[in-house]
Amino acid sequence: AYTAVDRAEDEPGPALELNADGVENLARMAAGIGARLIHFSTDYVFAGDRQEPYREDDPPRPLSRYGWSKWQGELRLAASLDAYFLLRISWLYGVHGPNFVHTMLRVFREKETARVVNDQFGSPTYAASLAANVAGLIASGCERYGVYHYCDRGVISWFDFAARIMDLALASGLIGRRIPLLEVEDDD
């Protein structure tokens with residue numbers, strides 16, 4: 001998948017090729033051999049302007065080219081294959097790959113302060129817990145195909161998430177100092 005959310009605004013072609021054309025190709029191949037498919041999408045298919053969680057049957061309304069490309073992939077998957085699980089994931093982080101935790105650790109090491117938005121809320125999802133649950137889904141042989149929203153428990157702002165990351169990083173020795181966190185709004 002094309003996962004560079006900000007870069008997709010400048011590179012909509014590659015984002016659409018991977019997130020829509022690529023998904024369609026996988027779905028058609030799966031249909032051709034009678035396979036099931038598990039596809040990962042994102043909460044970015046929604047505008048993010050609600051105070052309550054989105055439901056699987058809420059209509060997508062992406063505000064970014066990244067979200068649009070992922071939604072197009074969802075539509076093409078549904079049009080090409082019946083036996084699929086589409087998992088919309090929010091705020092994915094883990095040990096590997098670029099993610100918010102890695103970004104914050106780098107900022108804590110390199111900067112004197114960190115500016116983090118405090119007006120966006122979500123549910124961080126740990127990649128290892130997602131992987132364990134997907135493995136369980138595969139092993140179960142479940143055939144209740146369709147769209148599912150998946151995240152870990154709890155809701156937090158990006159600012160509070162960054163503060164928690166800093167606390168844990170200090171306690172585990174991943175960083176050597178505390179820096180000031182500055183709350184900002186998304187429009188700043």
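The values are calculated or read from the model by the stated rules, or taken from the named source; none is laboratory data. Small disclaimer: the values here were computed from a predicted structure and weren't measured. Ideal geometry is used to build each Cβ from the backbone, glycine not excepted, and the neighbour counts take in all protein chains shown. Side chains included, ligands, DNA and RNA excluded: accessible areas come from the protein's heavy atoms. Shrake-Rupley method; radii C 1.70, N 1.55, O 1.52, S 1.80 Å.
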- request: Could you go through segment 153-170 in sequence order and give the Karplus-derived ³J(HN,Hα) for each residue, using 6.51 cos²θ - 1.76 cosθ + 1.60 with θ = phi - 60°, rounded to whole Hz, and x for Gly and Pro?
  value: 6, x, 10, 8, 7, 4, 4, 5, 5, 4, 4, 5, 4, 4, 4, 5, 5, 5
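Hey, got the dipole for segment 83-185? About the Cα centre, +1 on K and R Cβ, -1 on D and E Cβ, debye to the nearest 20?
220
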task: Can you tell me the dipole magnitude for segment 40-145 around its Cα centre, using point charges on the Cβ only (Lys, Arg +1; Asp, Glu -1), in Debye to the nearest 20?
output: 360
query: So what is the relative contact order for the chain, in percent, with contacts set as C-alpha pairs under 8 Å and at least six apart?
result: 23
- prompt: Sorting 24, 143 by accessible area (1.4 Å probe), largest first, what list results?
  reply: 143, 24
task: Using a 10 angstrom cutoff on alpha carbons, build the Gaussian network for the chain and name the most mobile of 42, 103, 125.
output: 103
query: Taking θ as phi - 60°, what are the ³J(HN,Hα) couplings along segment 77-91 by the Karplus curve (6.51, -1.76, 1.60), each to the nearest whole Hz, with x for Gly and Pro?
result: 4, 4, 7, 9, 8, 9, 8, 9, 10, 10, 9, 8, 10, 10, 6
- request: Treat each spin label as a single point 7 Å out from the Cα along the C-beta direction, and report the residue 186 to residue 29 distance in nm.
  value: 3.5
- line: Residues whose built amide H sits under 5 Å from the amide H of residue 147, excluding neighbours closer than 5 in sequence, are 86
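Carbon and sulfur together cover what percent of the accessible area of the chain at a 1.4 Å probe radius?
Roughly 53 percent of what the probe reaches on the chain is carbon or sulfur.
Please give the calculated 222 nm ellipticity per residue for the chain, where each DSSP H segment of at least 4 residues contributes -39500 (n - 2.57) and the sum is spread over every residue; nearest 500 deg cm²/dmol? Kindly include the intermediate steps, with their values, before the conclusion.
Values: 6 runs with 73 residues, N = 188.
Calculated mean residue ellipticity at 222 nm is -12000 deg cm²/dmol.
With charges set only on the Cβ (+1 for Lys and Arg, -1 for Asp and Glu), what does the dipole of the chain come to about its Cα centre, in debye to the nearest 20?
Working: 19 positive and 27 negative charges, 143 e Å.
Result for the chain is approximately 680 debye, rounded to the nearest 20.
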- prompt: Based only on the alpha carbon positions, what is the Kirkwood hydrodynamic radius of segment 1-124, in angstrom?
  reply: 15.9
Residue 52/residue 167 FRET efficiency (R0 30 Å; Cβ-Cβ; nearest 0.05): 0.60
query: Say each of residue 160 and residue 1 gets a label point 7 Å from the Cα, pointing the same way as Cα to Cβ; how far apart are those two points in nm?
result: 2.5
field: Highest-MSF residue in the chain out of 49, 119, 21 [GNM, Cα springs under 10 Å]
entry: 49
